[in-house]
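What follows is a set of notes on a single structure, which appears directly below.
The values are calculated or read from the model by the stated rules, or taken from the named source; none is laboratory data. As the structure is a computational prediction, the values presented were derived from the model and not from experiment. Note: ideal-geometry Cβ built from the backbone for every residue, glycine included; neighbour counts use all protein chains shown. Remember, those area values only see protein heavy atoms, side chains included, never the ligands or the DNA or RNA. Shrake-Rupley method; radii C 1.70, N 1.55, O 1.52, S 1.80 Å.
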Amino acid sequence: MGTNKVTPTRALRPTDMNHISVARLTLLAAALTLGFTNMVHAETKPTEEPTNPSTVPSNQPPATNGPILPTYSATNGQATGSTIEPFDPNAPPRATIPIGPNLFVGGYTSLEGETNRHYDLSSTLGKADTTLTPIFAPAFAYEPNQYLQLYVNPVLEIPLAVEEIEEKSQTTELNMNLAFLTVKNVVPGARLQVGRQRFIDSRRWLFNENMDAIRLGYQYEQFSVELSVSQLNLVQRNLLRREAEEDEEGFINYYAYADYKFGKKNHIGLFALYQDQQRLGTAQPITFGLQSGGRLFDNLKYWLQTAAVRGSDGGQRIRGEAIDVGLTQVFERAWEPSITIGYAYGTGDSNPNDHVDSRFRQSGFQGNSDKLNGVARFKYYGEVLDPRLTNLMVFTGGLGIKPFSKTSFDLVYHYYLQDHASKRIGGSDLDTDPTGLSKHIGSEVDLVVGYQGIPHLQTKFVLGYFFPGKAFSETWHDGALLASFLLRYNFY
């Protein structure tokens with residue numbers, strides 16, 4: 001069978017686009033805001049009933065599945081506690097509904113929508129896209145005994161073009177998102193996973209990707225350690241696509257991480273990541289650094305990421321450094337207001353003609369997403385620009401409120417400067433590049449709304465606008481706009 005394709009909706013003509021597009025966007029934002037308002041008013045405090053472990057049926061999965069390792073998902077098919085975790089759109093669904101001996105099912109269905117405008121920063125009518133993507137993601141877990149678990153999570157995505165300037169086909173994908181075998185409880189505190197599994201860290205600064213891997217972890221009280229070898233898409237991901245995906249760099253990743261938890265919610269970790277590029281180059285970077293996060297005081301949260309990258313890329317030596325640090329102060333007032341300040345810096349290369357590349361480079365598998373004090377994760381370097389931390393300084397300020405425990409509003413501001421003026425912004429989602437004559441990239445404002453007040457339902461709404469700076473041509477004075485929403489219903 002060939003690749004399934006969804007016929008895109010015919011694009012609106014440019015003469016009609018400006019007025020109709022703005023009207024659609026306004027209606028979309030108004031409808032979502034009204035929906036959130038109605039849900040907030042309808043939110044009630046759930047009644048928690050204590051569970052007696054002795055009454056749990058034997059056909060239910062265990063409440064926990066051994067120790068949680070540093071980059072392991074907090075669920076990976078397992079039930080979690082009553083703590084409200086920030087909405088993570090990439091988290092694997094739980095599989096807790098019994099359908100047979102030692103066999104459990106779960107999953108989610110979701111609808112994602114996104115519209116973007118003027119990503120070429122042009123004052124004339126530029127690229128405009130609006131897509132809706134229904135997603136169905138079942139999850140299956142088989143646990144024949146206390147030592148083994150098999151977890152499988154296929155994901156069906158059907159993107160639909162609602163509006164676009166350039167006609168292009170939207171391809172249905174059936175991805176093998178996760179498929180791994182876990183060996184646990186053979187040695188107390190140890191766990192081995194083989195297969196396609198999720199790699200994350202607390203702020204998704206290193207990892208936010210599902211990779212084919214062998215991973216060994218050990219946890220003893222507050223100390224944990226992890227070793228792994230991984231590669232992205234070693235086995236084909238899209239089951240509806242026959243051809244090999246040859247556009248990837250093909251890094252083999254050797255990763256080691258040690259973490260220590262102290263106090264109530266604090267941790268500090270050391271990591272080392274060696275990457276050996278197999279295709280599209282000969283880069284061999286090694287990144288090592290420190291991660292820490294938690295609370296300095298009861299209402300003062302902090303995060304710290306710092307790393308150095310060494311190695312070689314072709315005939316050049318790699319010598320880059322980076323730091324990301326910030327504070328969030330939460331006030332014990334009505335609606336739990338909070339204020340956040342942050343600073344991130346990744347070195348650039350002042351002389352591209354020598355044999356030293358002093359740019360910091362992230363792993364390529366990062367997500368750069370976290371929450372401040374809300375209930376929804378978002379891209380903390382900007383939802384519109386979404387850059388990698390290379391040759392860049394990002395100054396961040398944020399204000400947040402939580403009218404209810406499961407409802408949050410975050411208003412976040414970013415200011416961008418390059419370390420050295422360049423014609424590239426690493427990882428940027430923009431459709432144009434700076435001139436290389438100025439360091440001033442611009443600024444961005446994002447509004448992020450999260451809601452988890454209805455059981456099994458998670459929602460997120462994002463509105464972002466990027467203001468271009470002097471680094472771009474004077475004719476490119478219009479900003480880029482992004483609006484997106486996500487509605488997800490979980491069944492488990």
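Quickly run through region 344-373 and pick out the residues that are among the hydrophobic types (A, V, I, L, M, F, W, C) and in a strand (DSSP E or B). Within region 344-373, ALA344, VAL356, PHE365 qualify.
Within region 374-393, can one find any residue that is open to solvent by less than 10 Å² (accessible area, probe 1.4 Å), closer than 23 Å to ASP120 by Cβ and among the β-branched types (Val, Ile, Thr)?
yes
Checked against (1) open to solvent by 40 Å² or more (accessible area, probe 1.4 Å); (2) modelled with pLDDT under 95, GLY281 meets all criteria but (1). Only residues that are surrounded by 20 or more Cβ atoms within 10 Å (Cβ to Cβ), of a type in the set (Lys, Arg) and more than 15 Å from TYR274 (Cα to Cα) were counted across region 310-363, and they come to 1. When we screen GLN146, GLN219 for residues that are open to solvent by 40 Å² or more (accessible area, probe 1.4 Å) and either part of a loop (DSSP other than H, G, I, E, B) or basic (Lys, Arg) (or both), the only hit is GLN146. Evaluated against (1) modelled with pLDDT of 95 or more; (2) surrounded by 16 or more Cβ atoms within 10 Å (Cβ to Cβ); (3) not acidic (Asp, Glu), TRP476 falls short on exactly one condition, (1).
Residues checked against (1) modelled with pLDDT of 95 or more; (2) farther than 30 Å from HIS456 by Cβ:
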site: SER338; (1), (2): yes, no
site: LYS371; (1), (2): no, no
site: TYR380; (1), (2): yes, no
site: VAL384; (1), (2): yes, yes
site: THR396; (1), (2): yes, yes
site: ILE401; (1), (2): yes, no
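For PHE288, the criteria (1) under 25 Å from TYR413 (Cβ atoms); (2) modelled with pLDDT of 95 or more; (3) of a type in the set (Phe, Trp, Tyr) hold in every case but one, which is (1). Within region 397-416, being buried (at least 19 other Cβ atoms within 10 Å of the Cβ) and either among the basic types (Lys, Arg) or closer than 21 Å to TRP205 by Cα (or both) holds for GLY398, LYS402, LYS406, ASP410, VAL412, HIS414, TYR416.
Of a type in the set (Phe, Trp, Tyr), open to solvent by less than 50 Å² (accessible area, probe 1.4 Å) and either closer than 14 Å to PHE251 by Cα or in a strand (DSSP E or B) (or both) - does that describe any residue in region 300-309?
Keep residues of region 300-309 that are of a type in the set (Phe, Trp, Tyr), which gives 302-303.
Okay, now just the ones that are also open to solvent by less than 50 Å² (accessible area, probe 1.4 Å), so 302-303.
Restricting the remaining residues to those that are either closer than 14 Å to PHE251 by Cα or in a strand (DSSP E or B) (or both) gives 302-303.
Yes: region 300-309 contains one or more residues that are of a type in the set (Phe, Trp, Tyr), open to solvent by less than 50 Å² (accessible area, probe 1.4 Å) and either closer than 14 Å to PHE251 by Cα or in a strand (DSSP E or B) (or both).
Confirm whether LYS423 is modelled with pLDDT under 95, over 19 Å from GLY113 (Cα atoms) and out of contact with any strand residue (DSSP E or B) (no Cβ under 9 Å at 6 or more places or on another chain). So LYS423 passes the test.
Among the candidates ILE454, ILE441, the residue that is hydrophobic (A, V, I, L, M, F, W, C) and at pLDDT below 95 is uniquely ILE454. Does TYR255 satisfy the condition of being within 20 Å of GLN222 (Cα to Cα) and open to solvent by less than 70 Å² (accessible area, probe 1.4 Å)? In short, no. Taken over region 285-299, residues that are over 19 Å from ASP259 (Cβ atoms) and crowded, with 16+ Cβ neighbours inside 10 Å amount to 2. In summary, SER110 fulfils each of the numbered conditions (1) over 20 Å from PHE180 (Cα atoms); (2) open to solvent by 20 Å² or more (accessible area, probe 1.4 Å); (3) at pLDDT 95 or above with the single exception of condition (2). Checking ASP433, ASP429 one by one, the residue that is without any contact (Cβ under 8 Å) to a residue 12 or more places away in the chain, farther than 19 Å from GLY294 by Cα and surrounded by fewer than 22 Cβ atoms within 10 Å (Cβ to Cβ) is ASP433 and no other.
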